[in-house]
Amino acid sequence: MTWTIEGRFYFPAAARFVAARASAQPQRVFRVEDEGGAMLAEVPARALKVTARLARLTRRFDLPDGARFETDNNDGADALLLHLRRRRRGRFTDGLERAWPAVGVSLIVALVAGYYFVAQAVPVAAEWLARKSLPAVAHTMSEQTLLALDRFALRPTKLSTADQTKATRLFARVAAHAKGGRGGYRLVFRGGGAVGPNAFALPDGTIVMTDQLWAFVRHDAEIEGVFAHEMSHVDHAHQLQRVFEASLIPAGLAIFTGDVSQVSQIASILPGIIVQSAYSRGFEQQADDDGAATLRRMGEKPSHMADLLERVDRSVCGKNGCPPSWAGNHPDTAIRAARLRAEDKGPLAPAQDCWRPWKGGISLRCFGWQ
């Protein structure tokens, strides 16, 4: 008894084909005949190379001389292989594709695994890389970032010598109470340009303050709180963590090979993070809490920093403040200000469980809810 399926026969080393049928003959022989019954090929079954079944894709039987037989009848091809006593390839894969519940479960598992990779594994790896980075990496990245910002976003400062001297004196006073000490940070001045009233830290401890921000200061403790906040970003390597989260592969190469040339590729991300103020809610809260603690050690009230935040917010966004950005993860100014004022009475619960969601779950404080 033979088993026959319809298909197409392609001649060796040619694109020409004819309608044909393949059959399983006794002694495990594979035969191909044209529509008139003339034999086109006959080979032992063991000499065939057969493609695995995959959905509705065409099955192909490759012959030793380069000829091939193709068929769209997957069920017939499976039956033919059974008659030839050839093991069917792709049975397990094909079964999974037809098992929709298994496909649905697999999709859910993949989505959950992807979420945990992005939400937990990537931040953990980024923090580890940031803490293992050599000082040369942070310095090179900071230099290139400041050059890029000077070229595209910032302008030279127009602050008077007296204002620069006063700001530098206040900066040194804060640095004396910060983790890095007086030698751990450096203050530079720039015109705001596209950045506007702002202060931001670079990985090597350089802290940039714009002229526009200085114009909003009404009390020394206000700008001292901003300096303490930015020093906290440096102490916790928040900038490097944000960059490494976006570029783990080149970051890993830079760390493991010592190839500082990789830093140029990594540093191209940092200016955009700075201009967009793209710190996470957790990082900002941690820096606020550290800044508040520094102000208390200096005998000042953290609420002074809240006053400056709200003053800048009203100037930039109007008296109603900036609308919340549900797409972003930067904390709302009103929430930050309320927390800073509450810290006048003493430290609040630490932000660690919020900015490290892999420890204890994600706190509602991460979303601005108490």
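Taken together, the values in this text are just the output of simple stated rules run on the coordinates, not laboratory data. Everything numeric here is computed off the predicted structure, so don't read it as measured data. A quick note on method: Cβ atoms are made from the backbone with ideal geometry, for glycine too, and the neighbour counts reach across all protein chains shown.
If a/c stays under 1.5 just call it rounded; otherwise compare a/b with b/c (prolate if a/b is bigger, oblate if not). Do that for the stretch 185-241, with a ≥ b ≥ c from the square roots of the Cα gyration tensor eigenvalues.
Working: a/c = 2.27, a/b = 1.41, b/c = 1.60.
It comes out oblate by the Cα gyration axes.
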Relative contact order of the stretch 3-97, defined on C-alpha pairs under 8 angstrom at six or more residues apart (%): 28 percent
Rg and Dmax [Cα atoms of the stretch 3-97; Å; Rg one decimal, Dmax integer]: 12.6, 40
Cα→Cβ-extended label distance, 7 Å offset, between ALA334 and SER160, nm: 3.8 nm
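Would you mind ranking PHE17, PHE30 by Cβ crowding within 10 Å, fewest neighbours first? Working shown, then result.
Values: PHE17 15, PHE30 25.
By the 10 Å Cβ count, ascending, the order reads PHE17, PHE30.
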Neighbour-count ranking [beta-carbon atoms within 10 angstrom, fewest first] of TYR10, TYR185, TYR115: TYR115, TYR10, TYR185
Per-residue Cβ neighbour rank within 10 angstrom, fewest leading, LYS132, LYS166, LYS49: LYS49, LYS132, LYS166
Under Karplus coefficients 6.51, -1.76 and 1.60, residue-wise ³J(HN,Hα) of the stretch 218-225 in Hz, glycine/proline x: 10, 9, 4, 5, 5, 6, 5, x
Where labels lie 7 Å past Cα in the beta-carbon direction, separation of ALA55 and VAL29 in nm: 3.9 nm
Potential extension, HIS219-ALA47 segment - 0.36 nm per residue separation minus Cα distance: 53.1 nm
Hz values of 3J(HN,Hα) by residue in the stretch 303-311 - Karplus curve (6.51, -1.76, 1.60), Gly and Pro given as x: 4, 4, 5, 4, 4, 5, 4, 5, 5
Low-density loop positions, GluC sites (Glu not before Pro), the stretch 26-86 - DSSP coil, at most 13 other Cβ in 10 Å: GLU35
